[in-house]
Amino acid sequence: MKQIRFTGCILMLLIGAGLLEATEIREWNTAAMDMIKQEGISNQFGNRTMAMLHIAMYDAVNGIQHQYDPFLVRFRAPKIWPEEAAVASAAYEVLRKLYPLKENDFKPLYLEQLARVPNHPRKKVAVVYGQLIANYVLKWRENDGSADAAGVSYPDGTEPGQWRRTDAKPPMLPGWGQVRPFTMISGNQFRLIGPLDMAGYEYARDYAEVMDVGRKTSPYRTAEQTNIARFWPTGIPRIWNLVAHQICDEMDYSLLEEARLFALLNVALTDSQIVSWDMKYYYGFWRPVTAIGYGDQDGNDNTVEDPTWESLLPSPPFPEYPSGHSTSCAAAATILAKCMGTDEFAFALNSEANPSLPPRVFNSFWEAAREAGISRIYGGIHFNFSNTEGLEAGRSLGRYIFENFMTK
């Protein structure tokens, strides 16, 4: 990615407990996540916001500390400039420009953070510097295709294997795979070979699995598996950001290290959506509820048709392959493990979709990612090959980002 040049990851942790002191980076992360949740903003647009926010804060503080490669804006500011003022200014500028009707909601945090910085001419310069960084990030993301993604035409399929809507909702954001990525050369950079051959043994195996354990009234799915299915339907980006909060507290990171962790995580979550949406609409594969209803038409003697079959969870309004959950969670888990230098990190998660469910406890990032992936089979909305291949794509993306961006 061309950079703009100026001249001149323990012990047990309980997500969302709210008991730990936050830095400027985490305060803005929380403010943005809360707004996205309250406004019901989709993962795609919410991820895009979070990536822009954290790129601006990272480049602002890194431009003062000069420790890592910049993500976008290369500017070596004097180290005596107050980085907290630059971070506050960059974050506020991004959010108020993206969501002008929410400016007054973000302003108190901005003023509170600035009030912590002693008054000095360097403070004023740092504020202007943060604004400049933010505006270059905003300018860079103009006309990236996100505004047009919902308007791309994508007709229902009519042939075996082709996706067709499972309710009255139109296909969701058919053009998101063509949105300009944050880190990749193009959205198809990590495109895999596609769904399994419907006539093959492996397809029949995964078909039978989801037919059994994903059925709405399945006698094969255990109570634990049902809880897993109901734990993970929504809130994936928020969950991984909350994990990052606890990592930062446990590791006692500096402001720059926190900024880098959140920037890497959120650009990975954002580009993982582009990766999965590229493949979803390129291959356009049918959901299990459709496949099982038309099981006599797939050319496989080992699949059994059942037009009355229903999934535990409702099928989302977009094609099946690969699992977006698996892709995003694998990318996030890879980034966090790489940043910490180990995958072993014990933590507990609360469900964003069903808060009444008990917390789930994990001993590693990848344990959580794999559970999120398999939850989609327990819910009846994905085949397992779409889970395993989504995990593969997300892992590859996470490695690529960590090895090529914001490095020393």
Scattering from the C-alpha atoms of segment 148-404 alone, worked out with Debye: what is log10 I(q)/I(0) at q = 0.10, 0.13 1/Å? -0.49, -0.81
What full-extension length gain, to one decimal in nm, is calculated for residue 297 and residue 104 as 0.36 nm per residue of separation minus the Cα-Cα distance? 63.8 nm
Of the options 387, 270, 227, report the single residue whose Cα projects farthest towards the positive end of the charge dipole of segment 148-404 (beta-carbon charges: Lys, Arg +1; Asp, Glu -1). 270
Orientation-averaged projected area, Cα convex hull of segment 93-210 (nm²): 12.8
Nearest 0.05, what FRET efficiency do residue 66 and residue 112 give at R0 = 30 Å with Cβ-Cβ as r? 0.65
Based on the alpha-carbon gyration tensor of segment 334-408 and its eigenvalue square roots a ≥ b ≥ c, which shape applies: rounded if a/c is under 1.5, prolate if not and a/b is larger than b/c, or oblate? oblate
Using a Förster distance of 30 Å, how high is the FRET efficiency between residue 234 and residue 282, based on the Cβ-Cβ distance and rounded to 0.05? 0.75
So who's got an amide H within less than 5 Å of the one on residue 162, skipping anything under 5 residues away but keeping other chains? H placed 1.01 Å off N, in plane. 286
Summing -39500 (n - 2.57) over every DSSP H run of at least 4 residues in the chain and dividing by its residue count gives a helix-only mean residue ellipticity at 222 nm, to the nearest 500 deg cm²/dmol, of -17500 deg cm²/dmol
Which ³J(HN,Hα) values in Hz, rounded to whole numbers, follow from the phi angles of segment 387-398 under the Karplus curve 6.51 cos²θ - 1.76 cosθ + 1.60, where θ = phi - 60° and Gly and Pro get x? 6, 5, 6, x, 4, 5, 5, x, 4, 4, 4, x
Sorting check: for 144-154, 383-393, which peptide has the highest mean count of neighbouring beta carbons within 10 Å, and how do the rest follow? 383-393, 144-154
Those trypsin sites (Lys or Arg not before Pro) from segment 76-182 that are DSSP loop and have at most 11 other Cβ neighbours within 10 Å turn out to be 79, 116
³J(HN,Hα) across segment 270-275 via Karplus (A = 6.51, B = -1.76, C = 1.60, θ = phi - 60°), whole Hz, x for Gly/Pro? 5, 5, 5, 5, 5, 4
Stretch residue 357-residue 39 to full length: gain in nm at 0.36 nm per residue minus the Cα-Cα span? 112.1 nm
Stretchable slack from residue 164 to residue 224, in nm (0.36 nm times residue separation minus alpha-carbon distance): 18.5 nm
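Where a number appears in this text, it was derived from the coordinates with a stated rule and is not lab data. On a predicted model such as this, the values are computed, not experimentally measured, just so you know. Because the Cβ atoms are built from the backbone with ideal geometry, glycine has one as well, and the counts that use them run over all protein chains shown.
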